[in-house]
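Notes follow once the structure below has been shown.
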Ligand SMILES: [Fe+2]
């Protein structure tokens, strides 16, 4: 269930709105939709770790599961942005889904053989629905590397029940990007790269990241090869 949306009201509505304005003031949108025809955000493989069993909570706060008191480990990050079509019109009621490994490099997936201990307080997956201005928002952690991959956040955007985009978001200037086979396959990596910036005055060393998304005109082809196995952790001695 999509519980918390920009402007929506729920248990953490105030937190979300406050965080959104904080994130917004710290980093202006990266896209200027008035600049004319926009480039679509590049596709990237889904990988094998889209949750095979959903967490008990799928809202846009990945740090806290339901009403638990414990919070996930990691560098708290306010990830926000806008979803546009190629003419620069905001995509409203688009469902943005993210999933990523926890601070120990573990995904919420029974097939993840990564050796770290899974952080049971990390939700691992979340959804946010865009409002009239195309805005989405998540509270999550700054992604960390796992064997064989530079840090990234997986992302799917659905519109009207159709999957419009599958991609991965990277950390700007992260040294390992240059050695990552999926990052290196990008012709325009800047379109899926965000600056994770410290929020001035944050006593918790929280970060903000802006990622604006441009949807192409057609939904993705469900038959297309998503190269699932290529995103597996590459553990020495194992295939
Ligand atoms: Fe991944």
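Quick grid of which residues meet (1) more than 27 Å from residue 214 (Cα to Cα); (2) modelled with pLDDT under 95; (3) more than 16 Å from the ligand (Cβ to nearest atom):
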site	(1), (2), (3)
71	yes, no, yes
78	no, no, yes
81	no, no, yes
88	no, yes, yes
94	no, no, yes
97	no, no, no
100	no, no, no
104	yes, no, no
108	yes, no, no
Next item on the list: Would you confirm whether any residue within the stretch 191-208 is at pLDDT below 95, more than 27 Å from residue 136 (Cα to Cα) and more than 16 Å from the ligand (Cβ to nearest atom)?
Entry: no
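Does the stretch 72-82 include one or more residues that are over 23 Å from residue 202 (Cα atoms) and in a loop (DSSP other than H, G, I, E, B)? First the steps, then the outcome.
Applying the first criterion (over 23 Å from residue 202 (Cα atoms)) to the stretch 72-82 yields 82.
This time we only want the ones that are in a loop (DSSP other than H, G, I, E, B), so: none.
Within the stretch 72-82 (the criterion being over 23 Å from residue 202 (Cα atoms) and in a loop (DSSP other than H, G, I, E, B)), the answer is no, since none of the residues qualifies.
The values are calculated or read from the model by the stated rules, or taken from the named source; none is laboratory data. Please read these numbers as outputs of a predicted model, since none were measured by experiment. Methodologically, a virtual Cβ is constructed for each residue, glycine included, from the backbone with ideal geometry; neighbour enumeration extends over all protein chains shown.
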